[in-house]
Structures are given as C-alpha cells and as structure tokens.
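The values are calculated or read from the model by the stated rules, or taken from the named source; none is laboratory data. The model shown is predicted, which means the values in this text are computed figures rather than measured ones. With ideal geometry, Cβ positions are generated from the backbone for all residues, glycine too; neighbour counts draw on all protein chains shown.
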C-alpha cells in the first residue's frame, strides 16, 4: 500500500515536472515567436518609414530645386532687364547730353580759338559793329565750330546779334561792350583759317586798321546759354 502511494507520488511529481517543462517550453516558444514577430514588424515599419521619409525628402528636394531654378530664371530676367534699362538709360542720357550741348544748355570746353576785337582811338577807323561779329560767327560755324560765344553769351540757332543805333551791340538781347571776345570750340587750325585765309573777314578788318587778334587755345571754356528757349510757332 505504502509502495503504491510512494509510486503515485513519484509519478505525480514526474507528471508535474513534465507539465511544467512543457509549459515553460511553450512559454519560451511563444516569447520567441512574439519577439521575432515584433522585430520583423519593427524592421518592416522602419523600412516603410524610411521609404516614406525618403520619398518625402525627394519630393521636397524636387520642389526646392524647381523653386531654385525658377528663382534663378527670374534673377536672370531681372538682371537682363536691369542691364537693358541701364543701357537704355545710359543711351538716353548720352543723347540728352548731346541735345543739350547742341542747344547750348550745358557748359563745354575743348580745343579751339579765341578772337579778340578791340576798338581803336583812331576816329578814321570804323567801329566794330554787329555785322562784323555776325560774319565771324557764320565763318566759324561753316568751318565746323561746335560751340561759340561772344563775351560769354552762348550763340545758339535762335541768337540775335544786332546793332542798336550804331551805339552798342546786343547779343541774345543783352548789351555787350568792347573788347568783344569770340570763343569757338573746334579744330583750331580750321577755325583760324576760316577767318584769316583766302580773304577771311579778320584779314579784311586788319586791312582797314581794326584791332583783331586770334589765339589758339588747347582748352577753351564756353558757358551755357542761360536764357529760355521759347518756340512761338514750332510745336
């Protein structure tokens, strides 16, 4: 009887031991399976996330690159427009400067001559009149003078040179007195030759005793026309 009880206890202990071992093995297997499943899942999730993130960054890069190219294109357009505007503005300024120079609205300087006409104390010598100055001015213009003044009164296409009762001369409506200094900018040799060569008017004036001298100057300065240019009929 005791032997049977002892044998039963041993059998039960073995059975419980086997059951516990089996349970431990099952739990271990389940843990292993769960663990492997989680790692695989995590790896899969990381790979998916990385792919998604990579796709997102690629999209952002493409978008940024497109914006960069668009911006650079606009910058080039701005540069081109700016350069074009600067070139146009420069050309306009140059043309405006030329126009103002031709109109006599700017001070100018350059190579030229200075003609000085003085009155004499000899009553037998004719006084210098407006016609003398007008002839000299026309000769200088015809010989290529780019700018002319008489006693610092700039000569323009609308200037008047007139005698007032044979007493004095007016230029641009202003009274001028002797000595009369005519300045001209241009080729000094051409300008001088126009006045003294081949019966030039200065030669004729000298022949009758009038005091006229010509000086070549490297840098003649002629002041701008300070009056208003009013067109009455031209529009």
Looking only at region 134-158, how many residues end up being more than 15 Å from residue 222 (Cβ to Cβ) and without any contact (Cβ under 8 Å) to a residue 12 or more places away in the chain? 2
Within region 183-194, work out how many residues are more than 38 Å from the chain's Cα centre (by Cα) and surrounded by 16 or more Cβ atoms within 10 Å (Cβ to Cβ). 2
Report yes if residue 194 is in the same structural domain as residue 120 (by TED's automatic domain parsing), more than 23 Å from residue 126 (Cα to Cα) and touching a helix residue (DSSP H, G or I) at 6+ places or on another chain (Cβ under 9 Å), otherwise no. no
Take the conditions touching a strand residue (DSSP E or B) at 6+ places or on another chain (Cβ under 9 Å), surrounded by fewer than 16 Cβ atoms within 10 Å (Cβ to Cβ) and free of Cβ contacts under 8 Å to residues at least 40 places away in the same chain and apply them to residue 131. Does it pass? yes
Could you please let me know if residue 145 is in a loop (DSSP other than H, G, I, E, B) and within 40 Å of the chain's Cα centre (by Cα)? yes
Yes or no: region 153-160 includes at least one residue that is over 40 Å from the mean Cα position of the chain (by Cα) and farther than 25 Å from residue 121 by Cα. no
